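Notes follow the structure.
The values are calculated or read from the model by the stated rules, or taken from the named source; none is laboratory data. Bear in mind that the values here come from a model prediction, so they are computed numbers and not experimental data. Neighbour counts are summed over all protein chains in view; Cβ atoms, including those assigned to glycine, are modelled from backbone coordinates with ideal geometry. Only protein heavy atoms, including side chains, enter the accessible area calculation; ligands, DNA and RNA are left aside. Shrake-Rupley method; radii C 1.70, N 1.55, O 1.52, S 1.80 Å.
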Amino acid sequence: MIRWLIGLLALSLAATQTLAADPIEIGVGYLGVAGSKATLSLVEQPAENDGVAGARLAIEDNNTTGKFLNQRFTLEERRLKEGEDPVQAATALAERSGFIIADLPPDALLKVADALRERGTLIFNAGAIDERLRETDCRANVIHTAPTRSMLADALGQYLVWKQWKRWLLVVGSHDEDKLYADALKRAATRFGAKIVQERTFEDAGGARRTDSGVTLIQRQMPVFTQQAPAYDVLVAADESEVFGAYLPYRTWDPRPVAGSAGLVPRSWDAAQDQWGAIQMQNRFMKLNSRRMTALDMQAWTAVRMIGEATSRTNSGDVKKVTDFIKGPDFSVAAFKGTRLTLRDWNLQLRQPILLVDGRMVVSVSPQEGFLHQVSELDTLGYDRPESKCKLK
């Protein structure tokens, strides 16, 4: 009996010491650009904390689990002003954080990734949708939670084809990013059996976006711009530069639906998403931020949750161990999308369903029924392994 009591006392003392030990600190950095791009719609103007608010919520979620594992997550935020060096800012963050959530333009992201490669910092691209970051310019230390243009275009294309809306009138903006989105839409049309009956370019002539006579002018301009088109089922707009897309619905010459950059829009997340337990997270986000959760918020949230999931599964805050687990075959993360999300090992792009939304409701979720794949139906969205040009370095 005495020996048993001594053993019990020793175990109790060991448990107390473990609980009393300092928690493992896991630092996460957030690097973005100050300011935000203006939108045509006043109600869609992004908030100052767009993106980072999602990361903050995920830090809270990680710490809820982390307190049972003696892990504590912290977030350090940095916003770049115009002309500021992203490499210098990222290096300063890396001194205290082994993981960095980045919302940066493509070229800046590549500079940061190359500068931090030898340090072993793992970067999560939460903002840039450019295909080249997962293809010719892919990096082994960059994981992508933002979807690609091809994933967004394929998600939309699948639904339009499923609806038998196979004849598309494509309207493309005059900016480079508009043309990249148009290329992704053309690829989707070819891939899924749709036909682009005509392509038109909307030239950005500059000038004020909003004037007192704006509604009257637009109501006259858009019907004229879209008239005399070949027979089509749906107008698909490529307007990432936010010049004309929002003006198209209800103003086309022919009574046709609008999709792409306006009307029915593909997104990784939307404030209307309420399925698969999402309403609980949406409510928590609203309580903390007094606004709805955006796609960028969700992409940042997912990145931080990936770190939290990997640290809890490995019971380690070591960056290399966590990185290896995230890149390994056993990793997945739940994100209120009806299926657990996994990583494409050939280009480090997160597989994820894409929501199709109209500004008020989630109309559908892609991949659509009937679009099959031998590994994962999520790989019907975007470039598949045989198509990839990525050589991780």
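Put the Cα centre of region 75-144 next to the Cα centre of region 247-271 and the gap is 32 Å. Average accessible surface for region 97-209: 37 Å² per residue, computed with a 1.4 Å probe over protein heavy atoms with every protein chain in place. Helix 149-162 and the longest principal axis of the C-alpha atoms of the chain enclose an angle of approximately 60°.
Label region 242-369 by shape, choosing from rounded, prolate and oblate, from the square roots a ≥ b ≥ c of the eigenvalues of the Cα gyration tensor; if a/c is under 1.5 it is rounded, and otherwise prolate applies when a/b is larger than b/c, oblate when it is not.
Here region 242-369 falls in the prolate category.
Rounded to the nearest 20, the Cβ-based charge dipole of region 301-393 about its Cα centre (Lys and Arg +1, Asp and Glu -1) stands at 360 debye. Residue separation of residue 114 and residue 201 scaled by 0.36 nm, minus their Cα-Cα distance, works out to 27.6 nm of gained length.
Considering only 308, 347, 182, the residue lying farthest towards the positive end of the dipole of the chain is 308, judged by Cα position with unit charges set on Cβ. Residue pairs exceeding 29 angstrom between C-alpha atoms, taken from 111/321; 111/327; 37/389; 111/320; 186/321; 81/320: 37/389; 186/321; 81/320. Protein heavy-atom surface of region 226-344, 1.4 angstrom probe: 49% of the accessible area is carbon and sulfur, with nucleic acids and ligands not counted. Using only Cα atoms, find the angle between the long axis of helix 278-289 and the longest principal axis of the chain, and express it within 0 to 90 degrees, rounded to the nearest 10. Roughly 80 degrees, rounded to the nearest 10. If only the Cβ of Lys and Arg carry +1 and only the Cβ of Asp and Glu carry -1, the dipole of the chain around its Cα centre is close to 720 debye. Taking amide H atoms as placed 1.01 Å from N in the peptide plane, the amide H of residue 357 lies under 5 Å from those of 265, 267, 363, each 5 or more residues away in sequence or on another chain.
Specify the angular offset, from 0 to 90 degrees and rounded to the nearest 10, of the alpha carbon long axis of helix 52-69 from the longest principal axis of the alpha carbons in the chain. Taking Cα atoms only, the helix is inclined about 30 degrees. Judged by the mean number of other Cβ atoms found within 10 Å, the most tightly packed of the peptides 130-137, 368-375 leads the ranking 130-137, 368-375.
Under the simplified labelling scheme, the residue 224-residue 79 pair shows an inter-label distance of 4.1 nm, with each label point 7 Å from Cα along Cα→Cβ.
Between residue 24 and residue 44, full extension at 0.36 nm per residue minus the direct alpha carbon distance yields a gain of 3.2 nm.
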